[in-house]
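The values are calculated or read from the model by the stated rules, or taken from the named source; none is laboratory data. Please read all numbers here as calculations on a predicted model, not as lab measurements. With ideal geometry, Cβ positions are generated from the backbone for all residues, glycine too; neighbour counts draw on all protein chains shown.
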Amino acid sequence: MVLLIDTNLILDYLLKRAPFYDDAKRIMALCSQKDVYGYVALPTITNLWYILREVPEPSRRAAIKSICELLEVVGTPHQEVMNAIDTVAFKDFEDCIQSKCAKTVVADYIITRNTSDFEHSEIPVKTPRELIDSLEV
């Protein structure tokens with residue numbers, strides 16, 4: 001299974017944000033298994049650097065490095081960026097780029113708590129809980 005992990009889930013994991021941490025931890029644990037490939041969109045890495053700016057730099061570097069060791073960073077080809085620019089259905093350009101990154105790796109799902117942000121995605125979207133529940137059936 002191939003997953004693109006959204007920024008909010010990574011923040012839930014790194015910051016141990018209640019009540020989302022347990023599901024985020026479970027998703028990250030899945031990504032550490034050989035049959036689940038976890039990806040993170042390149043813009044997410046720069047956004048994490050900015051969002052975590054209050055965290056002391058050595059800790060911030062270590063946290064982001066740990067994410068990059070667990071999830072593979074993916075970009076998207078120039079033409080997909082151009083397509084994203086023309087995709088007016090997405091409210092948030094960053095989410096559209098993440099969707100294009102997910103398409104690049106042929107992801108099975110984008111995993112996010114904000115599924116409505118991806119209603120126009122070419123890749124199916126699930127919340128962490130929906131994915132966990134689907135695997136436990």
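Does Asn8 fit the bill of being among the polar types (S, T, N, Q), assigned to a helix (DSSP H, G or I) and in contact with a Lys or Arg (Cβ under 8 Å, 6 or more places away or on another chain)? Here the answer is yes, as Asn8 does meet what is asked. Please find, within segment 68-80, the residue that is farthest from the chain's Cα centre (by Cα) out of those that are assigned to a helix (DSSP H, G or I) and surrounded by 16 or more Cβ atoms within 10 Å (Cβ to Cβ). My answer is Glu80. With respect to the conditions (1) farther than 21 Å from Leu14 by Cβ; (2) surrounded by 14 or more Cβ atoms within 10 Å (Cβ to Cβ); (3) not polar (S, T, N, Q), Asp86 falls short on a single one, namely (2). Going through (1) touching a helix residue (DSSP H, G or I) at 6+ places or on another chain (Cβ under 7 Å); (2) over 21 Å from Asp133 (Cα atoms); (3) aliphatic (A, V, I, L, M) one by one, Met28 falls short only on (2).
Which residue, of Ile123, Ile111, is under 19 Å from Phe20 (Cα atoms), in contact with a Leu (Cβ under 8 Å, 6 or more places away or on another chain) and not basic (Lys, Arg)? Of Ile123, Ile111, the one residue that is under 19 Å from Phe20 (Cα atoms), in contact with a Leu (Cβ under 8 Å, 6 or more places away or on another chain) and not basic (Lys, Arg) is Ile111.
Residues in segment 67-103 that are at pLDDT 90 or above, farther than 14 Å from Thr44 by Cβ and polar (S, T, N, Q): Gln79, Asn83.
Can Met1 be described as within 11 Å of the chain's Cα centre (by Cα), surrounded by 11 or more Cβ atoms within 10 Å (Cβ to Cβ) and modelled with pLDDT of 95 or more?
Values: within 11 Å of the chain's Cα centre (by Cα): no; surrounded by 11 or more Cβ atoms within 10 Å (Cβ to Cβ): yes; modelled with pLDDT of 95 or more: yes.
Against the criterion (within 11 Å of the chain's Cα centre (by Cα), surrounded by 11 or more Cβ atoms within 10 Å (Cβ to Cβ) and modelled with pLDDT of 95 or more), Met1 does not qualify.
Consider Arg53 carefully, then state whether it is basic (Lys, Arg) and part of a helix (DSSP H, G or I). Considered against the rule, which asks whether it is basic (Lys, Arg) and part of a helix (DSSP H, G or I), Arg53 comes out as no. Filtered by the rule that a residue be surrounded by 13 or more Cβ atoms within 10 Å (Cβ to Cβ), closer than 19 Å to Asp95 by Cβ and either of a type in the set (S, T, N, Q) or at pLDDT below 95 (or both), segment 44-66 gives Thr44, Asn47.
Filtered by the rule that a residue be surrounded by fewer than 22 Cβ atoms within 10 Å (Cβ to Cβ), within 16 Å of Thr44 (Cβ to Cβ) and not hydroxyl-bearing (Ser, Thr, Tyr), segment 104-117 gives Val105, Arg113, Asn114, Asp117.
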